[in-house]
Amino acid sequence: MSGAPGAAAGIDASRTALLTVVAMIAFAANSLLTRAALGEGAIDAAGFTALRAVSGAVTLVLILRLRARPADTPPPSPLSAGDWVMAAALFVYMAFFSFAYLSLSTGTGALVLFGAVQITMFAAALRAGERFAMAGWAGLALALAGLVYLVSPGLTAPDPLGAALMAVAGLAWGVYSLRGRGVADPLAASAGNFLRIVPFCLALCLPFFAGLSADPAGLALAVASGAVASGLGYVIWYAALPGLTAGRAATVQLSVPVIAAFAGVVLLDEAVTLRLVLASAAVLGGIVLVLTRGRRAS
């Protein structure tokens, strides 16, 4: 009997690790699916965004309805959770994310996205009064230098407009993540926020109506991004979060650009440039430095 608590802890740790790995693959899959659909012209960016939002909303509402609850308790209304600030941030993220991947490679887009996300969260921590040690400032400077190097002019530099759009998407996702840290029911909040953005994502198609196009592959990729990589991916990530400290939760997300870059090379035949490798090392190394050694002891 004395070994039971340790065995239970081991099972919980293994479950958390498995859920975390699956969630990171889902996050990377969003970059891969979006680039595969838009890079090949299988669907337009506005249509992809709308279909991703609709399929994600349907998936999350169904999961919310099927979630175990007491027999005499009615299912919660999705719109009772979440809020319009989170929904606005989610809409900006999804729209800018799609249009950015018209010109960015899978790995470059993921690196700019998650670099901007982490920098946004660091800025919020500073504003909240959190103090950083010298190692933290050095790590932040290294990460910023890596992003500047990645997007600086040159033969292998990414498209400036695409990089700017993805940086805005990262800022929006950072705001969404910060806003959602304290929600009581992340699944219900996600469902509510997805439902809120559906009309806006559909309205996004109106200015691009003449250019709307999609083939079966594009439709399938958009649904997979919304229903699986976004809808199910978020549910899995929320299931993993209780077993992770805040620092570990932030750190593991740094694996996403690496997974996305290698998947792009293997599945989409994308090239790995020296600029991307060096920028990735600087950005990821700088962020790890901040997360592991950057906070000043109180």
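Is it possible to state the helix-based mean residue ellipticity at 222 nm for the chain, with each DSSP H run of 4+ residues giving -39500 (n - 2.57), the sum divided by total residues, to the nearest 500 deg cm²/dmol? What is it?
It lands at -24000 deg cm²/dmol.
Treat each spin label as a single point 7 Å out from the Cα along the C-beta direction, and report the Leu18 to Phe208 distance in nm.
3.9 nm
Treat each spin label as a single point 7 Å out from the Cα along the C-beta direction, and report the Ala157 to Val85 distance in nm.
Here the modelled spin labels are 3.6 nm apart.
Heads up, I need the accessible area for Trp137: 1.4 angstrom probe, whole protein in place, Å², nearest 10.
120 Å²
Quick check: with the 1.4 Å probe, what order do Glu270, Glu130 take by accessible area, largest first?
So the residues, ranked largest to smallest area, are Glu130, Glu270.
Given the options Thr73, Thr20, Thr273, which has the most mean-square fluctuation in a GNM of the chain, springs set between C-alpha atoms less than 10 angstrom apart?
Between Thr73, Thr20, Thr273, it is Thr73 that shows the largest mean-square fluctuation.
At 7 Å along Cα-to-Cβ for each site, give me the label-to-label distance between Tyr149 and Val266 in nm.
2.7 nm
How large is the dipole of the chain about the Cα centre if only Lys and Arg carry +1 and Asp and Glu carry -1, each at its Cβ, rounded to the nearest 20 debye?
Using Cβ point charges on Lys, Arg, Asp and Glu, the chain gives about 880 debye.
Which percent of the accessible heavy-atom area of the chain goes to carbon and sulfur, probe 1.4 angstrom?
That share works out to 71 percent.
So what is the accessible area of the chain per residue, in Å², with the probe set to 1.4 Å?
On the way: 14120 Å² over 298 residues.
About 47 Å² of surface per residue is accessible.
Using r as the Cβ-Cβ distance of Arg131 and Ser77, and R0 as 35 Å, what FRET efficiency do you calculate, to the nearest 0.05?
About 0.25, to the nearest 0.05.
The values are calculated or read from the model by the stated rules, or taken from the named source; none is laboratory data. Given the structure is predicted, the values throughout are model-derived calculations rather than measurements. Here the Cβ is made from the backbone with ideal geometry for all residues, glycine too, and neighbour counts use every protein chain on show. In case anyone asks, the SASA skips ligands and DNA or RNA and just uses the protein heavy atoms, side chains included. Shrake-Rupley method; radii C 1.70, N 1.55, O 1.52, S 1.80 Å.
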